[in-house]
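The values are calculated or read from the model by the stated rules, or taken from the named source; none is laboratory data. Bear in mind that the values here come from a model prediction, so they are computed numbers and not experimental data. Neighbour counts are summed over all protein chains in view; Cβ atoms, including those assigned to glycine, are modelled from backbone coordinates with ideal geometry. When the accessible area is computed, the model is the full protein with side chains, heavy atoms only, and any ligands, DNA or RNA have been set aside. Shrake-Rupley method; radii C 1.70, N 1.55, O 1.52, S 1.80 Å.
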Amino acid sequence: MCDSNPSDIMDVEERYALITRNVQELTTGEELKALLAKEGYQPTAYIGFEPSGLVHLGWALVAAKIKDLCDAGIKVIIFWADWHAYINDKLGGDIENIRICAKYFEDCFIALGVPRDKVKFRYAYELLDGIDYWEKVIKIAKVTSLSRVKRAMTIMGRSENDADLDTSKIFYPILQAADIFYLDVDISYAGLDQRRANMLARDAADKLGWKKPIALHTPLLPGLKGGQRMDPAMLKKEDADIDTSFKMSKSDPNASLRIHDTPEDIRRKMKKAFCPQEREDESINPVLMVCKSIIFPKLGKIEITFPEKFGGGSAVYNSYEELSEAYFSGKLFPSDLKSGAAEGLIKVLEPVKEYFDEHPENYEAMQRVLKKLGKL
């Protein structure tokens, strides 16, 4: 866990800026500043995952934010939701397959730069053994309507009607909220697709008089094929309908980048990526979002080399703002942006290849599981 106190070297505003870098939604900023201002107190954050398959590039964005939290002096719990994945029928609904995947996921985070000594990995089964956990489940359920639980099933990629086929699906949002309270976290971090679980937990906290978790959401990395723009006004609604169909998904290898992709795979996929040059499409431009959310936080710059037939040379951009301005002004062409982003991404993922070359066991075990299920 994080041992040093960052208040010795960073003030509240500096820690706040680090925590909120590249964050799309924070509920609320005032609560976070008050938390960071508590003298002698080290806050705790959590993020949960269903172990479910091979890891795509969106995890690099999440890994960068986890590192930001650690660097800001936050204790971070990475939670493997094994029984939640079982409820959601992941990996054949086999709990052993799911736990093999969790071990592989742990390797992925370490390979992506999450500091092993500053995070704690926990499993859902560790919590579900305790009666205190189930008391929280019942209390949350008592103050939450069935209609709200059904609406929150989108956090597991399900529709409300799925509960009619399998009653266990209804448990899922309640369990996710119970995880937050049982772990006693100050900050619940997730991708934007999980916001309904956090809003449900905050509402339950109000009704039960429990500590209300601060909800921190990073954007979803767009799939390479692009998608529809999100209405920013929707983020202001507590239980908004948020279209996440545009996000990068491991289920479509042609529309996603995986952290195990070879340099040739990355160049080929980026070359075909959706890359509009209109500023209003910025948030769904996967090439720009890879630069903003992954390359700049990791490398601090991006270098683009121009083809010899167009005069050659190169340009270095030291901030995302500088890069996007060049792109939207027409000084930088889509083909050049894609090429530069591909090379930057290859550099970012070099440590991943090195890690798995040295520690292949869990990745190979995950591959065997997927082959057995006919998914590889």
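Region 1-119 holds strands (runs of 3 or more DSSP E) entirely within its bounds, and those carrying 1 or more residues that are charged (D, E, K, R) map to 25-27, 75-80. Residue selection: A326 fails the criterion of being in contact with a Cys (Cβ under 6 Å, 6 or more places away or on another chain) and either of a type in the set (G, A, S) or part of a helix (DSSP H, G or I) (or both).
When the criteria are applied in full, A63 meets the requirement of being touching a residue at least 24 places away in the same chain (Cβ under 8 Å), among the small types (G, A, S) and under 23 Å from M156 (Cβ atoms). Mind listing just one residue for me: the one in region 146-159 that is of a type outside the set (K, R) and either modelled with pLDDT of 95 or more or buried (at least 18 other Cβ atoms within 10 Å of the Cβ) (or both) and, of those, farthest from Q194 (Cα to Cα)? Of everything passing the filter in region 146-159, V149 is farthest from Q194 (Cα to Cα).
Could you go through region 279-297 and let me know if any residue there is open to solvent by less than 60 Å² (accessible area, probe 1.4 Å) and free of Cβ contacts under 8 Å to residues at least 40 places away in the same chain. Looking through region 279-297, at least one residue is open to solvent by less than 60 Å² (accessible area, probe 1.4 Å) and free of Cβ contacts under 8 Å to residues at least 40 places away in the same chain. Taking the numbered list (1) more than 26 Å from the chain's Cα centre (by Cα); (2) within 23 Å of W59 (Cβ to Cβ) in turn, Y363 passes all entries but (1).
Of everything listed in (1) in contact (Cβ under 8 Å) with a residue 24 or more places away in the chain; (2) over 25 Å from F105 (Cβ atoms); (3) assigned to a helix (DSSP H, G or I), the single unmet condition for Y133 is (2). Taken together, A240, A190, A205, A201 contain a single residue that is under 30 Å from N285 (Cβ atoms), modelled with pLDDT of 95 or more and open to solvent by less than 30 Å² (accessible area, probe 1.4 Å), which is A190.
Regarding region 100-110, can at least one residue be identified that is modelled with pLDDT under 95, within 29 Å of I19 (Cα to Cα), within 18 Å of the chain's Cα centre (by Cα) and not charged (D, E, K, R)? No: region 100-110 contains no residue that is modelled with pLDDT under 95, within 29 Å of I19 (Cα to Cα), within 18 Å of the chain's Cα centre (by Cα) and not charged (D, E, K, R). Here L127 meets the list (1) surrounded by fewer than 22 Cβ atoms within 10 Å (Cβ to Cβ); (2) touching a Ser or Thr at 6+ places or on another chain (Cβ under 8 Å); (3) of a type in the set (A, V, I, L, M, F, W, C); (4) in a helix (DSSP H, G or I) almost entirely, failing just condition (2).
Of all positions in region 68-88, at least one carries a residue that is surrounded by 16 or more Cβ atoms within 10 Å (Cβ to Cβ), free of Cβ contacts under 8 Å to residues at least 24 places away in the same chain and of a type outside the set (A, V, I, L, M, F, W, C).
To keep it simple, each residue is scored yes or no on (1) within 19 Å of the chain's Cα centre (by Cα); (2) in a helix (DSSP H, G or I).
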{"position": "K150", "(1), (2)": "no, yes"}
{"position": "I155", "(1), (2)": "yes, yes"}
{"position": "D162", "(1), (2)": "no, yes"}
{"position": "F171", "(1), (2)": "no, yes"}
{"position": "A178", "(1), (2)": "no, yes"}
{"position": "F181", "(1), (2)": "no, yes"}
{"position": "V185", "(1), (2)": "yes, no"}
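State yes or no: is G113 open to solvent by 50 Å² or more (accessible area, probe 1.4 Å) and in contact (Cβ under 8 Å) with a residue 24 or more places away in the chain? Criteria not met by G113. Is it the case that some residue within region 26-37 is among the aliphatic types (A, V, I, L, M), under 15 Å from L69 (Cα atoms) and loosely packed, with under 15 Cβ neighbours inside 10 Å? Scanning region 26-37, I find no residue that is among the aliphatic types (A, V, I, L, M), under 15 Å from L69 (Cα atoms) and loosely packed, with under 15 Cβ neighbours inside 10 Å, so the answer is no. So how many residues does region 336-366 have that are among the polar types (S, T, N, Q) and either touching a Leu at 6+ places or on another chain (Cβ under 6 Å) or closer than 14 Å to I266 by Cα (or both)? Result for region 336-366: 1.
The set of residues from region 298-337 being hydrophobic (A, V, I, L, M, F, W, C) and open to solvent by 20 Å² or more (accessible area, probe 1.4 Å) comprises L299, F306, F310, A315, V316, F328, F333.
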